[in-house]
1. Say whether the condition of being of a type in the set (V, I, T), in contact with a strand residue (DSSP E or B) (Cβ under 7 Å, 6 or more places away or on another chain) and in a loop (DSSP other than H, G, I, E, B) is met by at least one residue in segment 69-78.
2. Residues in segment 58-66: is at least one among the acidic types (D, E) and under 11 Å from the mean Cα position of the chain (by Cα)?
3. Checking G28 against (1) modelled with pLDDT of 95 or more; (2) open to solvent by less than 50 Å² (accessible area, probe 1.4 Å): exactly one of these is not met. Which one?
4. For segment 1-35, give me each residue that is in a strand (DSSP E or B), without any contact (Cβ under 8 Å) to a residue 60 or more places away in the chain and either under 15 Å from R80 (Cα atoms) or touching a helix residue (DSSP H, G or I) at 6+ places or on another chain (Cβ under 6 Å) (or both).
5. For A61, work out the one condition from (1) of a type in the set (A, V, I, L, M, F, W, C); (2) closer than 14 Å to L16 by Cα; (3) part of a helix (DSSP H, G or I) it doesn't fulfil.
Amino acid sequence: MIKTNPIIEFKQFLSLVKGLKEFKSKTGKRYKVISLDGSILSFLRETGEEWKLDLRKAHQAYLELQYFKTIDFKPYVPRRQSPALGLLLTVGLLKN
């Protein structure tokens, strides 16, 4: 995958995420956005379980990573790797 904006600032990144109602993982799992509180995105998994994602960590991963496999996100967003990757794909910051 290729970064479409490798030097995006967090404020810009946040503005891309703000309007989302839902996003999908790379494999098509749906996540429904509940709220955005500061830099914390709350969303529902298909199972109905609520999860939170620290957008600062997802942004950091985007800036620092060179490869974008789900496992590469583990040091940044433990147990939230797939949603983090899906979010970057949804907002157009990664392309194949």
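The values are calculated or read from the model by the stated rules, or taken from the named source; none is laboratory data. Small disclaimer: the values here were computed from a predicted structure and weren't measured. Cβ atoms come from the backbone with ideal geometry, glycine included; neighbour counts cover every protein chain shown. SASA here: full protein model, heavy atoms, side chains in, ligands and nucleic acids out. Shrake-Rupley method; radii C 1.70, N 1.55, O 1.52, S 1.80 Å.
1. Our first condition is that a residue be of a type in the set (V, I, T); within segment 69-78, this holds for 70-71, 77.
Within this subset, residues satisfying the condition of being in contact with a strand residue (DSSP E or B) (Cβ under 7 Å, 6 or more places away or on another chain) are 77.
Remaining after also requiring in a loop (DSSP other than H, G, I, E, B): 77.
Yes, segment 69-78 contains a residue that is of a type in the set (V, I, T), in contact with a strand residue (DSSP E or B) (Cβ under 7 Å, 6 or more places away or on another chain) and in a loop (DSSP other than H, G, I, E, B).
2. In the first step, residues of segment 58-66 are kept if they are among the acidic types (D, E); the result is 64.
Subsequent filtering for residues that are under 11 Å from the mean Cα position of the chain (by Cα) retains none.
Within segment 58-66, none of the residues are among the acidic types (D, E) and under 11 Å from the mean Cα position of the chain (by Cα).
3. (1)
4. Residues satisfying the conditions are R30, Y31, K32, V33.
5. Among (1) of a type in the set (A, V, I, L, M, F, W, C); (2) closer than 14 Å to L16 by Cα; (3) part of a helix (DSSP H, G or I), A61 violates only (2).
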